[in-house]
1. Count, please, the residues in region 66-83 that happen to be under 15 Å from the mean Cα position of the chain (by Cα) and either of a type outside the set (Gly, Ala, Ser) or more than 30 Å from GLU124 (Cβ to Cβ) (or both).
2. When you scan region 51-65, do you find a residue that is within 26 Å of ALA121 (Cα to Cα), open to solvent by less than 50 Å² (accessible area, probe 1.4 Å) and out of contact with any Cys (no Cβ under 7 Å at 6 or more places or on another chain), even just one?
3. Inside region 24-48, can you point out the residues that are closer than 27 Å to ARG154 by Cα and part of a helix (DSSP H, G or I)?
4. So how many residues does region 5-21 have that are more than 18 Å from ASP51 (Cβ to Cβ) and touching a residue at least 40 places away in the same chain (Cβ under 8 Å)?
5. Kindly indicate which of PRO93, PRO159 is open to solvent by 30 Å² or more (accessible area, probe 1.4 Å) and either modelled with pLDDT under 90 or in contact with a Ser or Thr (Cβ under 8 Å, 6 or more places away or on another chain) (or both).
6. Taking strands (runs of 3 or more DSSP E) that fall entirely within region 66-153, which contain at least 1 residues that are in contact with a Cys (Cβ under 7 Å, 6 or more places away or on another chain) and among the aliphatic types (A, V, I, L, M)?
7. How many residues does region 1-13 hold that are modelled with pLDDT of 85 or more and either in a loop (DSSP other than H, G, I, E, B) or farther than 17 Å from ALA43 by Cβ (or both)?
Amino acid sequence: MPTVVALGETVDGTAAEQLADLRERIADLADALAGERVVVTFAIGPQLEADLRRQAHAATEAPQLPLYVGIARAQAELAELVATELRPVTARPIVCIQLHVLVDADGDGSAAAPLELVEQAEIEALLDTGAIVVLGPGVPVARRGDGLRGVNVRVDSSPLLPGIDGT
């Protein structure tokens with residue numbers, strides 16, 4: 001069973017302010033990061049809300065993106081900041097995953113409970129190598145034929161991580 005380090009939400013501010021916030025949080029996690037199988041998770045609420053506000057202000061200049069794309073952007077941006085602050089405190093490889101979470105939802109903007117981690121096997125394989133896996137709450141997706149498509153909902157709770165019932 002992996003050690004799950006849940007960072008929660010970071011400050012809503014500049015990249016420098018977010019990095020400083022993460023640096024303080026991560027400095028206190030040396031013991032947890034020393035575990036054999038470590039997953040670092042985070043919430044994206046402030047980053048997503050800031051992105052949605054930017055989109056609203058620019059609505060006359062550029063088309064708005066679907067909510068699931070905003071979630072993907074916020075998740076990728078914050079994963080990079082987390083990895084930046086993890087590197088100085090561990091010699092282990094750090095891998096950021098653009099996580100996708102299967103949900104059963106219509107895409108009306110409401111919250112949805114996660115049903116399945118799409119990249120579950122990949123997370124397990126990376127943990128087996130000794131890497132620290134960094135991932136956000138997940139981009140909500142639904143089945144579409146043989147594939148998946150983004151869904152405009154927010155994931156209601158933290159995804160089910162390997163061997164963990166929420167974080």
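The values are calculated or read from the model by the stated rules, or taken from the named source; none is laboratory data. The shown structure was predicted, so the numbers you read here are calculated from the model rather than taken from an experiment. Reconstructed Cβ throughout: ideal geometry from the backbone, glycine too, with neighbour counts over all protein chains shown. The area values use the complete protein model at the heavy-atom level, side chains included, leaving out ligands, DNA and RNA. Shrake-Rupley method; radii C 1.70, N 1.55, O 1.52, S 1.80 Å.
1. Step one: list which residues in region 66-83 are under 15 Å from the mean Cα position of the chain (by Cα), which gives 67-83.
Right, trim to either of a type outside the set (Gly, Ala, Ser) or more than 30 Å from GLU124 (Cβ to Cβ) (or both) and you get 67-69, 71, 73, 75, 77-78, 80-82.
Result for region 66-83: 11.
2. Narrowing region 51-65 to residues within 26 Å of ALA121 (Cα to Cα): none.
Taking every residue of region 51-65 in turn, none turns out to be within 26 Å of ALA121 (Cα to Cα), open to solvent by less than 50 Å² (accessible area, probe 1.4 Å) and out of contact with any Cys (no Cβ under 7 Å at 6 or more places or on another chain).
3. Taking region 24-48 and keeping what is closer than 27 Å to ARG154 by Cα, we get 25-26, 38-48.
Answer for region 24-48, where residues must be closer than 27 Å to ARG154 by Cα and part of a helix (DSSP H, G or I): ARG25, ILE26, GLY45, PRO46, GLN47, LEU48.
4. Going through region 5-21 one residue at a time, the tally reaches 2.
5. After ruling out the rest, the residue left standing is PRO93.
6. On the way: elements: 94-97, 100-103, 114-117, 132-135, 139-144, 147-150.
Strands (runs of 3 or more DSSP E) meeting the threshold: 132-135.
7. So the answer is 3.
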